[in-house]
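*Asks:* One structure follows; several queries about it will come next.
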Amino acid sequence: MQPEQPGETPQQLAPPASQPTSEGKKKWGVLGTIGALLLKFKTLGLVILTKGKLVLLGLTKLNTLLSMLVSIGFYWALYGWKFGLGFVLSIYVHEMGHVMALARYGIPASPPMFIPGFGAFVRLKAYPASPAEDARVGLAGPLWGLGAALACMGIGVITGSGLFTALAKVGAWVNVFNLIPVWQLDGSRGFRALTRQHRIYIAALAGLLWFWTAETMLIIVALVAVWRYFTKDAPEQPDNGVFFQFAGLLAALSGVYYFSK
């Protein structure tokens, strides 16, 4: 604080409370956006609160815990222990999204297992009953991953922490990668319930988001989505719920990636 000048009172020196700075407006604007997105995914928070034991299931399994520690050590060696710990925990949240969705459909599955440098996986002990069910199980991972990225972004905005901002950006990127509709990735499972028309809409959306963010991963999503338009596995009946969830995830994750600077 600067010393008061003669004739000036403390009230005169203090900035008016009704005129927030542009930096403050920007911070509250970002926080408001994050809050709005989190409200859209309020079910995620309710599940975590009501089924916390299941969320922590993996941490009670020795193999999962050991694989997590090995992964943390791997990323620790590359980027430091704080980033390594945060990154592995964000992957864990993503995988537990799958576990929770599988539990909702009564499908038994293993706790997450980590592979350093490659991520993690959940082993299914039975198959989903329909493409729509499989699609929702697949998209549950990126949905929970979005929640983790938003939480990191919010902490980064509030505290000014570059670490949490980096975790948000990397987390968003990893979850967009998982939405590529190819092989065993989550996006491929989501595409099982999308008609050809929906697939070309996703391709167009990914292209527009790439134009906005300049993130190469989005153009890969777009190109693979165009390829999947011509494959013969598209259903005849549309599943609008899966389509809007896929599109919403793609847009929200791109926003987190773009604004985490």
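The values are calculated or read from the model by the stated rules, or taken from the named source; none is laboratory data. What you see is a predicted model; the values in this text were computed from it and never measured. Cβ sites come from the backbone with ideal geometry, for glycine too, and all protein chains shown count toward neighbours.
*Asks:* If I ask for residues that are farther than 19 Å from His94 by Cβ and touching a Pro at 6+ places or on another chain (Cβ under 7 Å), which ones from segment 211-260 would you list?
*Replies:* Val224, Ala225, Arg228, Pro235
*Asks:* Check Arg123, Arg136, Arg104 and return the single one that is charged (D, E, K, R) and under 14 Å from Gly190 (Cα atoms).
*Replies:* Working: Arg123 fails: under 14 Å from Gly190 (Cα atoms); Arg104 fails: under 14 Å from Gly190 (Cα atoms).
Just a single option satisfies the conditions, and that option is Arg136.
*Asks:* Check segment 223-243 and report whether any residue there is without any contact (Cβ under 8 Å) to a residue 40 or more places away in the chain and aliphatic (A, V, I, L, M).
*Replies:* Checked segment 223-243: at least one residue is without any contact (Cβ under 8 Å) to a residue 40 or more places away in the chain and aliphatic (A, V, I, L, M).
*Asks:* Of the residues Thr195, Thr213, which is surrounded by fewer than 21 Cβ atoms within 10 Å (Cβ to Cβ), touching a Phe, Trp or Tyr at 6+ places or on another chain (Cβ under 6 Å) and free of Cβ contacts under 8 Å to residues at least 60 places away in the same chain? Write out each step before concluding.
*Replies:* On the way: Thr195 fails: touching a Phe, Trp or Tyr at 6+ places or on another chain (Cβ under 6 Å).
From the options Thr195, Thr213, the qualifying one is Thr213.
*Asks:* Which residue out of Leu146, Leu163 is farther than 20 Å from Leu179 by Cα, at pLDDT 95 or above and not basic (Lys, Arg)? Step through it out loud before you land on a result.
*Replies:* Values: Leu146 fails: farther than 20 Å from Leu179 by Cα.
It is Leu163.
*Asks:* Something else: Looking at this structure, is Ala129 assigned to a loop (DSSP other than H, G, I, E, B), among the hydrophobic types (A, V, I, L, M, F, W, C) and surrounded by fewer than 19 Cβ atoms within 10 Å (Cβ to Cβ)? Give the steps one after another, and end with the answer.
*Replies:* Values: assigned to a loop (DSSP other than H, G, I, E, B): yes; among the hydrophobic types (A, V, I, L, M, F, W, C): yes; surrounded by fewer than 19 Cβ atoms within 10 Å (Cβ to Cβ): yes.
Yes; evaluated as a whole, the condition is true for this residue.
*Asks:* Suppose the filter is in contact (Cβ under 8 Å) with a residue 12 or more places away in the chain and touching a Ser or Thr at 6+ places or on another chain (Cβ under 9 Å); does Pro116 pass it?
*Replies:* Numbers: in contact (Cβ under 8 Å) with a residue 12 or more places away in the chain: yes; touching a Ser or Thr at 6+ places or on another chain (Cβ under 9 Å): yes.
Against the criterion (in contact (Cβ under 8 Å) with a residue 12 or more places away in the chain and touching a Ser or Thr at 6+ places or on another chain (Cβ under 9 Å)), Pro116 qualifies.
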